[in-house]
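A short write-up of the structure that comes next.
Derivation of every value follows stated rules applied to the coordinates shown; laboratory data play no part. Treat the numbers as computed from the prediction; the structure is a model and nothing was measured. We place every Cβ from the backbone using ideal geometry, glycine too, and count neighbours over all the protein chains shown.
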Amino acid sequence: MKQDDKKRRDFIKQMTGLGILGLACGAGIYFAPELKASSPILRPPGAVKEEDFLKLCIKCGQCLQVCPYDSIELEDIDGGASVGMAFIDPRKRGCYLCEAFPCMLACPTGALDHEHDNIKYVQMGIAVVADMNACLALTNKPVPNSAVDRIYEHTKVLTAEEQHNKKVVLRGDDKEKVKLQKKVLEDLDKFRDQPCTICASLCPYPTPEDAIGMVKKDGGLLPEIREACVGCGACIELCPTNVLKVIPREDYLSVYKKGQQ
Ligand code: SF4
Ligand code: SF4
Ligand code: SF4
């Protein structure tokens, strides 16, 4: 994966410069129809190359058991060759880039490589602005309650009362996992009926401004995806209007290869 780091950087430069795909659109990364950005398959952080992952993942579910955000699922029957293997569907729940990467440490086979427990080597994919006109910030529209409620609805650790009231209540005896998930909702709650910068404000990358920022556009604002983005998918989950998608690592590497031919 460390070699892929250069390919990834080059790919981003290609996309944001003159671009093998003709994607230049000011700064930032915009959507190329050639890329399968709607693919649900993001492997958890630290995943080795897909062909090796398919051989190494023994479908044990250890990674999902230790994930404090409930980000990881096992593929169902529709997963084809990778049925039963670990993946992340960012619209349902992104990865929040835990500092110690417990998912990697729990993997008994190296499908999630323990040596990748550094943010530099997390290359799940790259976020792209797929539908800029849907961005609430571009047209200065406030965040509707329903967009925040949607995240409550797929958060599994809340009490029935919290779900009903769509309001988290922090308790001293909450387990660490519960605290972490409630913190996301607390941060998100602040955006109810307010201008939207959710994607940039809640990006879990350690220095988020290196991964995403808001830039002025046509009297409003628009997210700009930057070089450090690791494709964790948190912004895809939290965006109220589906502006953002993520290109999984395997897909952008294949486009990179095409660009080299
Ligand atoms: S880094 Fe944390 S949130 Fe992301 S998949 Fe691993 S355990 Fe889950
Ligand atoms: S911009 Fe941030 S939240 Fe979005 S995929 Fe990239 S690193 Fe994750
Ligand atoms: S989360 Fe970001 S991309 Fe989505 S509507 Fe808000 S500002 Fe726009």
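For ILE212, nonlocal amide neighbours, meaning residues 5 or more places apart or on other chains whose placed amide H falls under 5 Å from its own, are ARG226. Once the Cβ-Cβ distance of HIS114 and LYS49 is raised to the sixth power relative to R0 = 22 Å, the FRET efficiency obtained is 0.90. Under 5 Å between amide hydrogens, built in the peptide plane, is the criterion, and for ALA127 it picks out GLY231, ILE247 among residues at least 5 positions away or on other chains. Partner aspartates and glutamates whose Cα lies under 19 Å from the Cα of LYS49, excluding those fewer than 8 positions away in the same chain, are identified as ASP4, ASP5, ASP10, GLU73, GLU75, ASP89, ASP113, GLU115, ASP117, GLU250, ASP251. Amide H to amide H, with H built 1.01 Å from N, LEU42 comes under 5 Å of ILE88, counting only residues 5 or more places away or on other chains. Once both labels are positioned 7 Å from their Cα atoms along Cα-to-Cβ, the gap between ASN242 and LYS190 label points is 2.9 nm.
Here LYS179 is the anchor, and the aspartates and glutamates within straight C-alpha reach of less than 14 Å, apart from those fewer than 8 places off in the same chain, are ASP70, GLU162, ASP187. At an R0 of 22 angstrom, the distance between the Cβ atoms of ASN165 and SER201 translates into a FRET efficiency of 0.40.
Legend: distances between Cα atoms for LYS120/LYS190; LYS190/LYS216; LYS156/LYS177; pairs beyond 20 Å are LYS120/LYS190; LYS190/LYS216. Within the same chain, aspartates and glutamates fewer than 8 places from LYS141 are excluded, and of the rest, those with a Cα less than 15 Å from its Cα are ASP193, ASP218.
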